[in-house]
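Peer 1: Structure below; questions to follow.
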Amino acid sequence: MSLKSERRAIHVDQSELLCKKGCGYYGNPAWQGFCSKCWREEYQKARQKQIQEDWELAERLQREEEEAYASSQGAQGGQTSLGFTKFEEKKSNEKTRKVTTVKKFFTASSKSVPKKDMKEAKAPSPSLTRQYSLETDRVSKDFIEFLKTYHKAGHDVYKQCKVFLEAVHHKKESNIDELSEFTQDFYQNTADKLQMYWKVPPNKVEEAMDQIEKFIMTRLYKHVFCPETTDDEKKDLTVQKRIRALHWVTLQMLCVPVNEDIPEVTDMVVKAITDIIEMDSKRIPRDKLACITGCSKQIFNAIRTTKNEPASADDFLPTLIYIVLKANPPRLQSNIQYITRFCNPSRLMTGEDGYYFTNLCCAIAFIEKLDAQSLNLSEEEFSRYMSGQASPKKQDSDIWDADTCPGVKQMHRNLDLLSQLSERQERIVTEAKKLEKDLIDWTEDVTREVQDIVEKYPLHIKANSQALASIDSENVEDDRLPPPLQPQVYAG
């Protein structure tokens, strides 16, 4: 089994991490390979097309009803026509209201919030006030202090954030994808307003967006993380069960260039596992991304320390897969979905955070589809490992320290050899019993076939009525035979 073949099984071309539309940003499996911007464009086009088709269908059905009603009720009086007209007006108003409600999700956030909601947003609702914790109070104070440096722009940003939170409170029964779209629109509109209207420099805009995300997501976390209306929890359990079943996967199978015998490398691996597990304890998408970035940097450091050279992308991905298998992070899919839905899209589309996040998504997809061919194993070996009937044999260097007694090593090697011989003997006994059964079955089959043939074609032997005469006895009835030979005596 060559090193090259092992790498081929888990190699991912870097071009596959980019948006498949070719815009240059990082894609995401949750967005069908598009980046956040392209996905929203495609999603809105699909929704607008669906709305248009629904509108045309409603108009066609209305015309058909009107024609059918007119043909059947043409002879009736004006009172009936008046009632039908009111009915049609009510139906048309209801249809227009539904279409307008759907279209609200595809307009800018400043236009999506009614004026009534903006007035009510000046005073937070009691239900939201009760949910504020010490952390949210601290975040609010920090956010206000931060916005003071932006003067009028900061005041406008704070007002828009309060309006947004109140609008989300009224939309809390909406679909999680609709809330995600609403949040992404708010991010985009706020960033555009800061840069174009208030002329804030790009670096300051990015800093402000980080603080805005922290402010609003601290309050919305309980409502939008792993909501009951989604199957995020089910996916979490599926991935967790899958990773638990793959606990036997070794460094050699994934071709991970990390030597855990080096104490410094071992510490880096432990820190990487800690970072990826700690992701679940964070409430803000940016902080969860920071945990992923910290884990990835520890992986690169471990590879560089082991190889004494910079790590490559082909080294990073299999090592990340190994770390995820070792850590089995809690609520992994829920955290991925939460980041995808509510993180500032600019962080996922560019930069090291977006790169590491995209690689983590690829690692999870690889784990979900991992099979025998990916690990260069036979189907039988893979099935035995997955079922727990066997486990990969470790090398002596993976088990023993350098100062271990040679006699102890030899004793354990002998025990392993005896265990292998015992397994081999069990297989031989099983095969022998199978062979014995096959021989018995074959004998019975042959006997049965012979009996069937004898019964089908019986053998009849006719006895001779006349007794056979001895050729040397005297036969009085036939004198043509010569007399018996008499011994001749010769005198010597």
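Peer 1: What is the number of the single condition among (1) under 30 Å from M217 (Cβ atoms); (2) open to solvent by 30 Å² or more (accessible area, probe 1.4 Å) that I336 does not meet?
Peer 2: Looking at each condition in turn, I336 falls short on (2).
Peer 1: Report, ordered by the first and then the second residue, all pairs with beta carbons closer than 7 Å, sequence separation of six or more or different chains, a first member in the range 267-283 that is more than 9 Å from P329 (Cα to Cα), and a second member that is among the aromatic types (F, W, Y).
Peer 2: Between residues of the range 267-283 that are more than 9 Å from P329 (Cα to Cα) and residues that are among the aromatic types (F, W, Y), the close pairs are R283/Y221.
Peer 1: If we only count helices (runs of 4 or more DSSP H) wholly inside the range 104-165, which ones have 3 or more residues that are open to solvent by less than 80 Å² (accessible area, probe 1.4 Å) and modelled with pLDDT under 50?
Peer 2: Per the criteria, 109-112, 115-120, 126-131.
Peer 1: Limited to the range 197-225, what total is found for residues that are of a type outside the set (D, E, K, R) and under 28 Å from the mean Cα position of the chain (by Cα)?
Peer 2: The qualifying residues number 7.
Peer 1: Further question: Kindly indicate whether any position in the range 348-363 is free of Cβ contacts under 8 Å to residues at least 12 places away in the same chain and assigned to a loop (DSSP other than H, G, I, E, B).
Peer 2: Checked against the condition, which is being free of Cβ contacts under 8 Å to residues at least 12 places away in the same chain and assigned to a loop (DSSP other than H, G, I, E, B), the range 348-363 yields no hits at all.
Peer 1: Moving on. Test of understanding: among I212, I243, I262, which residue is surrounded by 19 or more Cβ atoms within 10 Å (Cβ to Cβ), more than 30 Å from V139 (Cβ to Cβ) and aliphatic (A, V, I, L, M)?
Peer 2: I243
Peer 1: Shifting gears a bit: For the range 308-330, indicate whether the set of residues that are part of a helix (DSSP H, G or I), acidic (D, E) and open to solvent by 10 Å² or more (accessible area, probe 1.4 Å) is non-empty.
Peer 2: Yes, the range 308-330 contains a residue that is part of a helix (DSSP H, G or I), acidic (D, E) and open to solvent by 10 Å² or more (accessible area, probe 1.4 Å).
Peer 1: Take the range 9-33 and flag every residue that is modelled with pLDDT of 70 or more and open to solvent by less than 30 Å² (accessible area, probe 1.4 Å).
Peer 2: L17, C19, G27, N28, G33
Peer 1: Out of the residues in the range 265-292 that are under 20 Å from T306 (Cα atoms) and over 22 Å from the mean Cα position of the chain (by Cα), state the one that is most open to solvent (accessible area, probe 1.4 Å).
Peer 2: K271
Residues checked against (1) open to solvent by less than 20 Å² (accessible area, probe 1.4 Å); (2) at pLDDT 90 or above; (3) more than 15 Å from I243 (Cα to Cα):
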{"residue": "G354", "(1), (2), (3)": "yes, yes, yes"}
{"residue": "F357", "(1), (2), (3)": "yes, yes, yes"}
{"residue": "A365", "(1), (2), (3)": "no, yes, no"}
{"residue": "E368", "(1), (2), (3)": "no, yes, no"}
{"residue": "R384", "(1), (2), (3)": "no, no, yes"}
{"residue": "S387", "(1), (2), (3)": "no, no, no"}
{"residue": "P392", "(1), (2), (3)": "no, no, yes"}
{"residue": "Q395", "(1), (2), (3)": "no, no, yes"}
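Peer 1: Show me the helices (runs of 4 or more DSSP H) found entirely inside the range 189-298 where at least 2 residues are at pLDDT 90 or above and among the basic types (K, R).
Peer 2: 202-224, 232-245
Peer 1: Of the residues in the range 246-258, how many are closer than 16 Å to F316 by Cα and open to solvent by 60 Å² or more (accessible area, probe 1.4 Å)?
Peer 2: Here the count works out to 1.
Peer 1: Here is a further query. Of the residues that sit in the range 166-183 and are over 17 Å from K222 (Cβ atoms) and not polar (S, T, N, Q), which one is surrounded by the most Cβ atoms within 10 Å (Cβ to Cβ)?
Peer 2: Checking each candidate, the answer is E181.
The values are calculated or read from the model by the stated rules, or taken from the named source; none is laboratory data. Note that the structure is a prediction, hence the values are computed from the model and not measured. Positions of Cβ are backbone-derived with ideal geometry, glycine not excepted, and every protein chain shown enters the neighbour counts. The accessibility values were calculated without ligands, DNA or RNA, using every heavy atom of the protein model including side chains. Shrake-Rupley method; radii C 1.70, N 1.55, O 1.52, S 1.80 Å.
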